[in-house]
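Please read the structure below before turning to the comments.
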Amino acid sequence: MPKMKSNRGAAKRFRATATGFKCRSAGRRHNTGKLATKRKRHLRTTCRIGKSDELSIARMLLQC
C-alpha cells in the first residue's frame, strides 16, 4: 500500500502544538512599507486555529 501523503501547502502554513494548531498572520509578504507600525507589530504574532477547523487541518497534516 502506498504511503499517505500530507498536504504540502498545509504543512507549510500550520504547525501542531500541544493543544491545537497555530499559523502565521497573512499580509506580511510584501508592500509593508505603507502599513502602520502597529499593524506590522500585531501581524508578527501567531494566531490560533479555531476548533471548527482543527479536524480538517489534522486530516491535511495526517494527525487524526
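Quick notes
- In segment 17-53, the residue that is nearest to Gln63 (Cα to Cα) out of those that are of a type in the set (Gly, Ala, Ser) and out of contact with any strand residue (DSSP E or B) (no Cβ under 8 Å at 6 or more places or on another chain) is Ala18.
- Selection from segment 1-16 of residues that are closer than 13 Å to Glu54 by Cα and touching a strand residue (DSSP E or B) at 6+ places or on another chain (Cβ under 6 Å): Phe14, Arg15
- Tally of residues being without any contact (Cβ under 8 Å) to a residue 12 or more places away in the chain, surrounded by 13 or more Cβ atoms within 10 Å (Cβ to Cβ) and part of a helix (DSSP H, G or I) across segment 1-38: 1
Laboratory data are not the source of any read-out in this text; all were calculated from the coordinates shown. Since the structure is predicted, the reported quantities are computational estimates derived from the model, not experimental observations. Counting neighbours? That spans all protein chains shown, and the Cβs are built from the backbone with ideal geometry, glycine included.
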